[in-house]
Amino acid sequence: MKTKITILTTLVLLLIFMSTLHAQDPTLLWANQMGGPGADVGRSITTDTDGNVYTTGYFREIVDFDPGAGTTILTSVGDYDIFIQKLDNNGNFIWVKQMGGTSSDKGFSIATDANGNIYTTGQFLNTVDFDPGAGTFNLTSAGSSDIFVLKLDNNGDFIWAKQMGGTIDDMGLALAVDNNGNVYTTGFFLNTVDFDPGAGIANLSSVGGSRDMFIQKLDTSGNFIWVKQMGGSGDDGGLSIATDADGNIYSTGNFESTVDFDPGAGITNLTSAGNQDGFIQKLDNSGNLIWVRQIGGISWDWGRSLTTDTDGNVYTLGYFNETVDFDPGADITNFTSAGESDIFIQKLDINGDLIWARQMGGPNSDYGFSIATDANGNVYTTGWFEYTVDFDPGVDATNLVSNGYIDIYLQKLNADGIFDWAYGIGGTGPDYGYSITTDNDGNIFSTGEFRGLADFDPGADTTNFTAAGPSDIFVQKLTSITVGLLENTSSEHFVVYPNPTDGKLSIEFDNIQGSLTARLFSLTGQLIMNRNFQNMNSFQLEINVPSGMYILEVIDGKGKKAAIRILKE
């Protein structure tokens, strides 16, 4: 039997066959719970090139960080301690590290580099030993809370830690690493802070006694390169940071009153339209301003999370109130919140021009907190919502109803902002999704905190966890392998036969030139086979796998992608 897929070009046919073009609803591969009698929070999650999963956050009192049959108990020294946990791709425990003193210390952001080193940032108070091993590397805050940046190797062993802070609260809220291992941190500071953690001095002083935002660059050894400041008479903060393949730096956050977003000699003033506005800023590798864009209306509007794709497009997630124009250019794309705050997703091109924007929200308060993309430009977000919200920003409706006051949501849009799926997680108490990421195979990982009883399976099955204390940490892995066409931009034919197959599979294309990649997945998202072909309109695959259903995915050199189910007899 031959199976043919025709990639359609007309909008009418696309709409008719939309049900066959949608991606598969997410499938839970695993979920883990960590918690004890105190309040425990997972704040940030990332993966490395081997598919290992790293989470940071903070915990109180006693927590077993081994979600399996083993036991690895940590006890906080003070109010909250920082943790960094490593799991393998199947959710099995590898190690956990702890840093904390007698006060409240928190990890807010985590990233890895190409060598598997791990970087975190956050805040600490008083004296903390940042070497989680047998050695000692104490840092002591200058005043209230100070910023830290920590680097561990792949085994969780200490490499270096750096401190920045003044006499009042200073926080590192987000961190990113570029292809050369340079480390970028953003957050906010008050009064005067020396941002050179070495022997030099790089003092910045906040304007008007309020919070200013900063972006700091360290090299892979933790040496200071530069720091930039943006701020005015109100409270301003950087909440998320990302880099692209060219080493440009993107950040988002919030500002009020008038702020000069050019950290150099030039002036690029933005003035908030309401109480606080969001911003998206792009700097080059030397910290020079390329462009900045504003999001805001008459009320409170924040850019909360930001990421980029391989084409240099910029995706921003956040929340807004009242009416906001999401087109930073001459055109108008107004959204009006349905409730106190609605979620927005905005996509800008490499020049900061609007490609699309989407809105989701109900009559109460809904918050988008973290955003990620995959290799195909699909967009994943998490956050939380109250009561009933339609998470399909198109003409259809996909209503989620919270089980309690506040539930976690996860949502997927494709690269054009078209809805694929959304689902909620939560019990009778408030639950929060703080971070989401993807790996090289397109699997989705998220973390946050939950209370009471919560089901983490988006399907018909049940994976219930019950929090051991006021709130517990969760880490989960999902797959969303495509079973229909992902892109509809050409007139090629994709033919697969025989299907069902005894293991020998033929694949034919019309009018295809350049490279082709064929990948075979299990229904749980495990990559089984990966083959590359050059300038071939037909080829054969030997599928040496047990009998059952699989997913064959074919990608051309331009990234156009299609996938079908294959039955191995």
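Remarks
- Filter result (part of a loop (DSSP other than H, G, I, E, B), of a type in the set (V, I, T) and in contact with a strand residue (DSSP E or B) (Cβ under 6 Å, 6 or more places away or on another chain)) within the range 188-231: I201
- When residues of the range 474-525 are limited to those that are part of a strand (DSSP E or B) and of a type in the set (S, T, N, Q), the one modelled with the highest pLDDT: Q476
- Count - residues of the range 403-435 that are within 22 Å of D40 (Cα to Cα), assigned to a strand (DSSP E or B) and not β-branched (V, I, T): 11
- Only a single criterion out of (1) over 19 Å from S76 (Cβ atoms); (2) surrounded by fewer than 17 Cβ atoms within 10 Å (Cβ to Cβ) is not satisfied by G166, namely (2).
- Boolean, T136 is at pLDDT 95 or above, in a loop (DSSP other than H, G, I, E, B), closer than 23 Å to K151 by Cβ and polar (S, T, N, Q): yes
- Qualifying residue in the range 98-113 (condition: among the β-branched types (V, I, T) and surrounded by 24 or more Cβ atoms within 10 Å (Cβ to Cβ)): yes
- In the range 193-208, the residues that are free of Cβ contacts under 8 Å to residues at least 12 places away in the same chain form Cβ pairs under 8 Å with partners that are in a loop (DSSP other than H, G, I, E, B) and surrounded by 14 or more Cβ atoms within 10 Å (Cβ to Cβ), at six or more places apart or across chains, as follows: N203/F195.
- The residues of the range 139-157 that are part of a strand (DSSP E or B), of a type outside the set (V, I, T) and within 27 Å of T47 (Cα to Cα), listed by number, are D146, F148, L150, K151, L152.
- Residue in the range 270-286 that is charged (D, E, K, R), in a loop (DSSP other than H, G, I, E, B) and buried (at least 24 other Cβ atoms within 10 Å of the Cβ) present: no
- Every residue from the range 372-396 that is among the hydrophobic types (A, V, I, L, M, F, W, C), modelled with pLDDT of 95 or more and part of a loop (DSSP other than H, G, I, E, B): F391
- Hits in the range 442-471 (condition: without any contact (Cβ under 8 Å) to a residue 24 or more places away in the chain and in a loop (DSSP other than H, G, I, E, B)): A460, T462
- The set of residues in the range 85-97 that are surrounded by fewer than 24 Cβ atoms within 10 Å (Cβ to Cβ) and closer than 30 Å to A245 by Cα comprises K86, D88, N89, N90, G91.
- Screening D178, D212, D169, D219 for residues that are under 25 Å from the mean Cα position of the chain (by Cα) and either closer than 23 Å to E256 by Cβ or aromatic (F, W, Y) (or both) leaves exactly one candidate, D212.
- Count of residues meeting criterion [hydroxyl-bearing (S, T, Y) and within 22 Å of the chain's Cα centre (by Cα)] in the range 143-163: 0
- Filter result for S480 (touching a strand residue (DSSP E or B) at 6+ places or on another chain (Cβ under 8 Å) and either more than 30 Å from A518 (Cα to Cα) or buried (at least 24 other Cβ atoms within 10 Å of the Cβ) (or both)): no
- Within the option set I418, I408, being of a type in the set (V, I, T) and under 20 Å from N364 (Cα atoms) holds for one residue only, I408.
- Where a residue in the range 264-283 is at negative phi and its partner, wherever it lies, is at pLDDT below 95 and part of a strand (DSSP E or B), with Cβ under 9 Å and at least six apart: G274/W300; N275/W300; Q276/W300; D277/W300
The values are calculated or read from the model by the stated rules, or taken from the named source; none is laboratory data. Being a predicted model, the structure only gives us computed values, none of them experimental. Glycine also receives a Cβ, built like all others from the backbone with ideal geometry; neighbour counts cover every protein chain displayed.
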